[in-house]
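Some notes on the structure that comes next.
The values are calculated or read from the model by the stated rules, or taken from the named source; none is laboratory data. Fair warning: this is a prediction, and the values are worked out from it, not measured in the lab. Please note: Cβ atoms are built from the backbone with ideal geometry, for glycine as well, and neighbour counts cover all protein chains shown.
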Amino acid sequence: MKLTSQEIEHIAKLARLELTEKEKTMYAEQLSVVLDYIEVLNEVDTEGVEETCQVTGLEDVVREDVVEDCSKEARGKIISQFPSAHGNLLKVKAVFDNTDSTDL
Amino acid sequence: MNINELTIKQAYDGLKKGDFSSVELTKACLARIKKRNKDINAFITVTEDLALEEAQIADEMIANKKQKMLTGIPFSVKDAIDVADVRSTASAKILDNYVPSFDATVISNIRKQGAVLVGKTNCDAFGHGASNENSMYGPVRNPYDLDRVAGGSSGGSAASVADHMCIFSIGEDTGGSIRQPASLCGIAGLRPSYGRNSRYGIMPMASSLDTVGPMAKTVEDIAILEEVMAGRDEKDATTVDNEVPEYSKQLTANSKQKLKIGIPKEYFDLEGMDEETKTIVENKINEIAKLPNCQIVEVSLPYTKYAIPVYYIVVPSEDSSNLGRIDGVRYGVQAQADNLYDVYARSRAQGLPEEVKRRIMIGTYALSAGYYDAYYRKAQKVRTLIRQDFERVFEEVDLLITPTSPFPAFKIGEKKDDVLAMYLADVFVAPASVAGLPAVSVPVGNTKSGLPVGLQIIGKRLDEEHVLQLGHTIERL
């Protein structure tokens with residue numbers, strides 16, 4: 001199955017990946033190869049077979065919702081990792097922006 | 001013999017008797033790193049000052065008779081595992097400056113014993129690969145032949161142990177990332193049962209498959225480590241609270257117990273398998289067959305060939321979702337851009353290597369509207385059939401023996417441009433991963449050109465005990 005460059009661009013947009021023209025061509029080819037390879041699963045009869053979503057058999061693992069203290073030191077370490085900060089706040093570009101190219 | 005060549009067991013004894021100090025042992029490892037890392041590229045970060053500080057503390061513990069099994073023993077950690085205050089890049093430039101504020105639970109367990117961290121090891125970025133060529137910090141070279149790969153994704157961990165730059169290492173295994181590099185570098189490595197070891201602080205890849213486990217020179221050392229690493233953790237809801245056996249004491253405890261061992265024929269008639277590898281593993285099986293307590297029978301796991309296609313749907317799908325958080329916003333390297341979308345897209349474009357992007361693309365496609373049933377759901381159903389294959393043979397046998405890898409270490413660059421050929425490197429390690437079973441790789445010999453070959457033992461779910469017992473028996477043959 002061959003993916004079109006439009007499909008590749010759509011997937012890249014969903015995945016938040018900026019791709020070069022060269023990468024688009026390369027991934028179109030490679031994704032097709034991988035998807036063709038995966039087709040082999042269609043020869044397996046899975047009628048009535050349940051999905052394996054997990055293997056531990058554990059169900060509804062819950063715990064008390066308790067607030068734990070975060071030391072000033074730990075807090076400082078986390079804040080120091082922010083690529084962009086305003087005081088102790090994480091600074092990000094505007095989320096709602098009419099010129100945003102995220103409209104899909 | 002230099003002291004950095006010792007096993008955990010031997011180093012423990014030496015430290016206890018006062019033959020050498022932890023500072024001396026640590027300096028021996030650091031000297032080896034200085035000498036060899038420029039060629040092998042096993043380490044991304046070497047924590048020399050921290051190591052010497054920790055070694056001094058360990059020596060005090062030993063002097064005060066507070067020595068535990070791992071006190072004063074130098075180790076390395078795969079760079080996709082969080083260690084407090086030490087740069088953890090996952091071998092991707094987007095995390096080039098990332099410094100976690102906490103230890104992963106398994107690392108915390110090990111450090112509580114007084115083990116000494118010498119550095120963070122190179123890997124395929126975010127664990128994506130079987131050759132360590134997908135690192136943005138350059139490939140790891142195999143200590144046995146510098147023109148060849150160390151395997152992956154935990155290639156730096158395997159090479160650091162094989163080349164005696166540390167005594168043991170902690171790696172991750174999603175599809176085979178501990179066992180395959182262990183096999184290619186001639187060391188032992190355990191993928192524990194899914195849910196056995198806490199993954200808190202492990203950078204997630206495919207959450208329904210990811211495990212974290214020990215890599216060391218012997219199975220005996222693996223047992224010592226797994227005992228410290230295993231157990232329920234409130235911070236990882238997928239961990240089970242089954243009791244953790246004293247694996248190291250159990251290694252020889254029931255040596256007369258009868259073991260029925262299955263040899264799955266599908267693992268020996270693979271097209272393209274290296275003949276020498278096959279012969280070395282078969283010769284070892286013949287030796288095991290002569291042991292009075294071991295009975296060998298041939299078994300069949302007909303769904304084996306579907307494990308890789310299942311793996312390459314499930315993993316990229318879960319990957320694409322997990323790696324959504326790696327966007328350069330809260331930590332890591334942020335690219336310059338005018339709007340939020342471009343910040344995400346450009347940070348990821350610049351900071352992630354080709355294979356990571358490829359998997360994100362495959363996974364995003366497989367999970368996108370209209371394709372979920374055809375890909376992810378279908379793969380999860382076939383996964384059930386693979387699990388049932390194992391359940392059926394484990395009614396008949398206690399353990400399975402297979403080769404770990406279909407071939408020894410290959411040349412750097414040899415498979416890099418052939419995506420499918422690279423994926424097939426995991427053909428023998430992926431099935432146990434998909435089924436959530438424990439499996440260990442044990443070194444069993446070398447090819448004529450001197451490359452190591454490993455044998456894999458797969459056990460029943462949560463039966464690490466017998467897997468390690470047989471592994472220990474094999475390493476003493």
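Just to be sure I understand, how many residues within region A:6-35 are farther than 26 Å from B:Ala421 by Cα, more than 7 Å from chain B (Cβ to nearest Cβ) and of a type in the set (Asp, Glu)? Lay out the reasoning, then the answer.
As a first pass, look at region A:6-35 and keep what is farther than 26 Å from B:Ala421 by Cα: A:6, A:9-10, A:13-14, A:16, A:18.
Narrowing the set further to residues that are more than 7 Å from chain B (Cβ to nearest Cβ) leaves A:6, A:9-10, A:13.
Then drop every residue that is not of a type in the set (Asp, Glu), which leaves A:9.
Matching residues across region A:6-35 total 1.
Considering each of B:Ile170, B:Ile110 in turn, give the residue that is touching a Phe, Trp or Tyr at 6+ places or on another chain (Cβ under 9 Å), within 24 Å of B:Lys27 (Cβ to Cβ) and not in a strand (DSSP E or B).
Numbers: B:Ile170 fails: not in a strand (DSSP E or B).
Answer to the selection: B:Ile110.
Kindly check whether there is at least one residue in region B:120-135 that is within 30 Å of B:Lys66 (Cα to Cα), at pLDDT 95 or above, away from chain A (no Cβ under 14 Å) and surrounded by 24 or more Cβ atoms within 10 Å (Cβ to Cβ).
The initial filter retains those residues of region B:120-135 that are within 30 Å of B:Lys66 (Cα to Cα), namely B:120-121.
Subsequent filtering for residues that are at pLDDT 95 or above retains B:120-121.
Right, trim to away from chain A (no Cβ under 14 Å) and you get B:120-121.
Filter once more, keeping what is surrounded by 24 or more Cβ atoms within 10 Å (Cβ to Cβ): B:120-121.
Checking region B:120-135: at least one residue is within 30 Å of B:Lys66 (Cα to Cα), at pLDDT 95 or above, away from chain A (no Cβ under 14 Å) and surrounded by 24 or more Cβ atoms within 10 Å (Cβ to Cβ).
Do we have B:Leu424 as surrounded by fewer than 24 Cβ atoms within 10 Å (Cβ to Cβ), within 17 Å of B:Tyr194 (Cβ to Cβ) and under 20 Å from the mean Cα position of the chain (by Cα) here? Explain how you work it out, then say what you get.
Values: surrounded by fewer than 24 Cβ atoms within 10 Å (Cβ to Cβ): yes; within 17 Å of B:Tyr194 (Cβ to Cβ): no; under 20 Å from the mean Cα position of the chain (by Cα): yes.
For B:Leu424, the condition - surrounded by fewer than 24 Cβ atoms within 10 Å (Cβ to Cβ), within 17 Å of B:Tyr194 (Cβ to Cβ) and under 20 Å from the mean Cα position of the chain (by Cα) - is not met.
In region B:427-477, what residues are charged (D, E, K, R) and surrounded by fewer than 24 Cβ atoms within 10 Å (Cβ to Cβ)? Step through it out loud before you land on a result.
Going through region B:427-477, the residues charged (D, E, K, R) turn out to be B:448, B:460-461, B:463-465, B:475-476.
Result: B:Lys448, B:Lys460, B:Arg461, B:Asp463, B:Glu465, B:Glu475, B:Arg476.
When region A:42-57 is examined, which residues are found to be within 8 Å of chain B (Cβ to nearest Cβ) and among the acidic types (Asp, Glu)? Can you show your working first?
Initial filter on region A:42-57 (within 8 Å of chain B (Cβ to nearest Cβ)): A:42, A:44, A:46, A:49-56.
Within region A:42-57, A:Glu50, A:Glu51 meet the criteria.
Checking the structure you have, find out if any residue of region B:412-419 is in contact with a strand residue (DSSP E or B) (Cβ under 6 Å, 6 or more places away or on another chain) and surrounded by 20 or more Cβ atoms within 10 Å (Cβ to Cβ). Lay out the reasoning, then the answer.
Keep residues of region B:412-419 that are in contact with a strand residue (DSSP E or B) (Cβ under 6 Å, 6 or more places away or on another chain), which gives B:412.
Imposing the further condition that a residue be surrounded by 20 or more Cβ atoms within 10 Å (Cβ to Cβ) reduces the set to B:412.
Yes, some residue in region B:412-419 is in contact with a strand residue (DSSP E or B) (Cβ under 6 Å, 6 or more places away or on another chain) and surrounded by 20 or more Cβ atoms within 10 Å (Cβ to Cβ).
On the given criteria, is B:Asp319 more than 10 Å from every other protein chain (Cβ to nearest Cβ), crowded, with 23+ Cβ neighbours inside 10 Å and either in a loop (DSSP other than H, G, I, E, B) or among the acidic types (Asp, Glu) (or both)? Spell out how you get there, then give the answer.
Values: more than 10 Å from every other protein chain (Cβ to nearest Cβ): yes; crowded, with 23+ Cβ neighbours inside 10 Å: yes; either in a loop (DSSP other than H, G, I, E, B) or among the acidic types (Asp, Glu) (or both): yes.
Criteria met by B:Asp319.
From B:Asn283, B:Asn242, B:Asn254, which residue is out of contact with any strand residue (DSSP E or B) (no Cβ under 7 Å at 6 or more places or on another chain), of a type outside the set (Ser, Thr, Tyr) and within 14 Å of another protein chain (Cβ to nearest Cβ)?
That would be B:Asn242, the only listed residue that is out of contact with any strand residue (DSSP E or B) (no Cβ under 7 Å at 6 or more places or on another chain), of a type outside the set (Ser, Thr, Tyr) and within 14 Å of another protein chain (Cβ to nearest Cβ).
Quick one: count up the residues across region B:118-152 that are free of Cβ contacts under 8 Å to residues at least 60 places away in the same chain and polar (S, T, N, Q). Show your work before the answer.
Our first condition is that a residue be free of Cβ contacts under 8 Å to residues at least 60 places away in the same chain; within region B:118-152, this holds for B:123, B:132, B:152.
Those left that are additionally polar (S, T, N, Q): B:132.
Result for region B:118-152: 1.
Name the residue that is farthest from the other protein chains (Cβ to nearest Cβ), counting only residues in region B:358-408 that are crowded, with 24+ Cβ neighbours inside 10 Å and of a type in the set (Lys, Arg).
Result: B:Arg359.
Sort out which residues of region B:58-93 are surrounded by fewer than 16 Cβ atoms within 10 Å (Cβ to Cβ) and over 24 Å from the mean Cα position of the chain (by Cα), and write them in order of number. Steps first, answer last, please.
First, the residues of region B:58-93 that are surrounded by fewer than 16 Cβ atoms within 10 Å (Cβ to Cβ): B:60, B:63-66, B:85.
Within region B:58-93, B:Glu60, B:Ala63, B:Asn64, B:Lys65, B:Lys66 qualify.
Let me confirm something: among A:Val66, A:Val95, which residue is within 7 Å of chain B (Cβ to nearest Cβ), modelled with pLDDT under 95 and surrounded by fewer than 10 Cβ atoms within 10 Å (Cβ to Cβ)?
Details: A:Val66 fails: within 7 Å of chain B (Cβ to nearest Cβ).
Going through A:Val66, A:Val95 in turn, the sole match is A:Val95.
Closer than 19 Å to B:Leu470 by Cβ, modelled with pLDDT of 95 or more and either within 8 Å of the chain's Cα centre (by Cα) or not in a strand (DSSP E or B) (or both): does that describe B:Ser183? Before you say what the answer is, go through the steps one by one.
Working: closer than 19 Å to B:Leu470 by Cβ: yes; modelled with pLDDT of 95 or more: yes; either within 8 Å of the chain's Cα centre (by Cα) or not in a strand (DSSP E or B) (or both): yes.
Yes, satisfied.
Note down all Cβ pairs under 7 Å where the first residue falls in region B:24-36 and is without any contact (Cβ under 8 Å) to a residue 40 or more places away in the chain, the second is in a helix (DSSP H, G or I) and surrounded by fewer than 24 Cβ atoms within 10 Å (Cβ to Cβ), and they're at least six residues apart or on different chains.
Within 7 Å, the pairs are B:Glu24/B:Ile3; B:Ala28/B:Ile3; B:Ala28/B:Asn4.
Which numbered condition in (1) farther than 13 Å from B:Ala216 by Cα; (2) charged (D, E, K, R); (3) in contact with a Ser or Thr (Cβ under 9 Å, 6 or more places away or on another chain) is the only one that B:Asp147 fails?
B:Asp147 satisfies all of (1) farther than 13 Å from B:Ala216 by Cα; (2) charged (D, E, K, R); (3) in contact with a Ser or Thr (Cβ under 9 Å, 6 or more places away or on another chain) except (3).
Condition first: within 8 Å of another protein chain (Cβ to nearest Cβ) and either free of Cβ contacts under 8 Å to residues at least 60 places away in the same chain or touching a Phe, Trp or Tyr at 6+ places or on another chain (Cβ under 6 Å) (or both). Now tell me which residues in region B:339-357 satisfy that.
B:Asn339, B:Leu340, B:Tyr341, B:Asp342, B:Val343, B:Tyr344, B:Ala345, B:Arg346, B:Ala349, B:Lys357
Which condition from (1) more than 7 Å from chain B (Cβ to nearest Cβ); (2) surrounded by 13 or more Cβ atoms within 10 Å (Cβ to Cβ); (3) part of a loop (DSSP other than H, G, I, E, B) is the one that A:Asp60 breaks?
Only one criterion in (1) more than 7 Å from chain B (Cβ to nearest Cβ); (2) surrounded by 13 or more Cβ atoms within 10 Å (Cβ to Cβ); (3) part of a loop (DSSP other than H, G, I, E, B) is unmet by A:Asp60, namely (2).
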